[in-house]
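J.: Sharing a structure here in structure tokens format.
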């Protein structure tokens, strides 16, 4: 049992479990599940600076969401430290592996390439573009689009929202540009 | 004496709200484990997805949408209420209407997702797993959200 929990979970287990989270949040909170609104709540709580987008009662509207993302951090500790070994390798396809080797990636252990996701890599232009540039665009884009993968690609498509379908088309357009044009430029 | 009767009610409300925060914390804990064990928090998997070189990520997202859509249809059909007996707030007409913000904002988000290899949920989960550099990614995402708030009046929606 523990071995099954420690090895990567199949998509047909993980996907439906995330779907159940959508239903749980509707049933328990009467609201739509989304993660990226936490970014707005944190800004509202720490640095509102009189900006209208951050002028609301974040304790009332955002406490549930902030409690949830605090839980995600704890869950990350359990999932990453308790339920896994340090030498885990993500079993990506041979074609992906070959493409990434072409980028110069050498270390395939762990969930992310250590060559790119370390504090040392932040001293390189590639590290800055991936972590700081990527992070900024994720936050900016998610709030402009009014949702991220959870709010649009999952909750939004599950509630058949046309706005979410358009957002997901944007997610893929952007992702394809990054994967096929920006990344080759960065390596 | 309204004050005497409202004080226990207020206490009850506070207790209920504290209890619900614990529930959301546990829900998040569960999600954090799922994000890591499903490998959706893996930069490698995101690159594989945007290269259409494996089905896995589409299976996770598709599976989540399928179960969510079926359940939402059931909740709507049965007129189900929340655990507290209140009506469920499904997205209203305003939220459902597609606009420039969804396409333009979505494209920005996708550009970032393809570079960082993590959307907001996995950023938090990777941070918890001990990947310290994700704190820089989180602060960058917060900066992005803040700049959006600042530019919001100028941006098309």
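J.: Would you calculate the separation in nanometres between label points at residue B:10 and residue A:24, each defined as 7 Å from the Cα along the Cα-to-beta-carbon direction?
T.: Rounded to a tenth, the inter-label distance reads 3.3 nm.
J.: A further question follows. Percentage of Cα-Cα pair distances in region B:41-90 greater than 14 Å, rounded to whole percent?
T.: Values: 783 of 1225 pairs.
Above the 14 Å cut-off, region B:41-90 has 64 percent of its Cα pairs.
J.: Across the protein assembly as shown, how large is the tail of the calculated P(r) beyond 24 Å, expressed as a percent of all Cα pairs?
T.: Values: 31987 of 58996 pairs.
Cα-Cα pairs of the protein assembly as shown separated by over 24 Å account for 54 percent.
J.: Follow-up. Tell me, what is the percent relative contact order of chain B, built from C-alpha pairs under 8 Å that lie six or more residues apart?
T.: Values: 66 pairs, mean separation 47.8, N = 157.
It comes to 30 percent, rounded to a whole number.
J.: Using a simple spin-label model with points 7 Å from Cα along the Cα→Cβ vector, what separation in nm is obtained for residue B:70 and residue B:84?
T.: 3.0
J.: Using only Cα atoms, tell me the angle between helix B:2-37 and the longest principal axis of chain B; keep it within 0 to 90° and round to the nearest 10.
T.: 20
J.: A further question follows. Helix A:134-144: angle to the longest alpha-carbon principal axis of chain A, degrees 0 to 90, nearest 10?
T.: Helix A:134-144 and the main axis of chain A meet at about 30 degrees.
J.: Between rounded, prolate and oblate, where does region B:98-157 land on the alpha carbon gyration tensor, with a ≥ b ≥ c its root eigenvalues, rounded for a/c under 1.5, else prolate if a/b exceeds b/c?
T.: On the way: a/c = 3.19, a/b = 1.89, b/c = 1.69.
Because a/c hits 1.5 or more and a/b exceeds b/c, region B:98-157 counts as prolate.
J.: So what's chain A giving for Cα Rg divided by 2.2 N^0.38 Å, two decimals? Present the calculation step by step, with values, prior to reporting the outcome.
T.: Working: Rg = 18.6 Å, N = 187, 2.2 N^0.38 = 16.1 Å.
So chain A has a normalised radius of gyration of 1.16.
J.: Per residue, how much space in cubic angstrom lies within the convex hull of the C-alpha atoms of chain B? Don't skip to the answer; put the middle values down first.
T.: Working: hull volume 30.9 nm³, N = 157.
In chain B, the Cα hull volume divided by residue count equals 197 Å³.
J.: Distance between Cα centroids, region A:81-130 to region B:96-157: provide it in whole Å.
T.: The distance from the Cα centre of region A:81-130 to that of region B:96-157 comes to 21 Å.
J.: Fewest Cβ neighbours within 10 Å first, please rank A:1, B:57 accordingly.
T.: Working: A:1 5, B:57 20.
Least to most surrounded, the residues fall as A:1, B:57.
J.: In whole Å, how far is the Cα centre of region A:20-68 from that of region B:4-36?
T.: 14
J.: If you rank B:152, B:97, B:56 by fewest surrounding Cβ atoms within 10 Å, what's the result?
T.: Details: B:152 16, B:97 13, B:56 23.
With the fewest neighbours first, B:152, B:97, B:56 line up as B:97, B:152, B:56.
J.: Let me ask another. What is the Å³ per residue value for the convex hull set by the Cα atoms of region A:106-187?
T.: Values: hull volume 8.7 nm³, N = 82.
Dividing the Cα hull volume of region A:106-187 by its residues yields 106 Å³.
J.: Using Cβ counts within 10 Å as a stand-in for footprinting exposure, how do B:103, B:52, A:140 rank, fewest first?
T.: Working: B:103 19, B:52 13, A:140 27.
Ranking B:103, B:52, A:140 by Cβ neighbours within 10 Å, fewest first, gives B:52, B:103, A:140.
J.: For residue A:160 paired with residue A:3, estimate the spin-label separation in nm (one decimal), with each label point 7 Å from Cα along the Cα-to-Cβ line.
T.: For residue A:160 paired with residue A:3, the spin-label model returns 4.5 nm.
J.: Further question on the same structure: Return the ratio Rg/(2.2 N^0.38 Å) for region A:63-108, where Rg is computed over Cα atoms only. It would help to have the intermediate numbers written out before the result.
T.: On the way: Rg = 16.0 Å, N = 46, 2.2 N^0.38 = 9.4 Å.
Ratio of Cα Rg to 2.2 N^0.38 Å: 1.69.
No lab work stands behind these numbers, since they all come straight from the coordinates. Every value quoted in this text rests on a predicted model; they were computed, and no experiment measured them. Here Cβ is always computed from backbone atoms with ideal geometry, including for glycine, and neighbour counts include all displayed protein chains.
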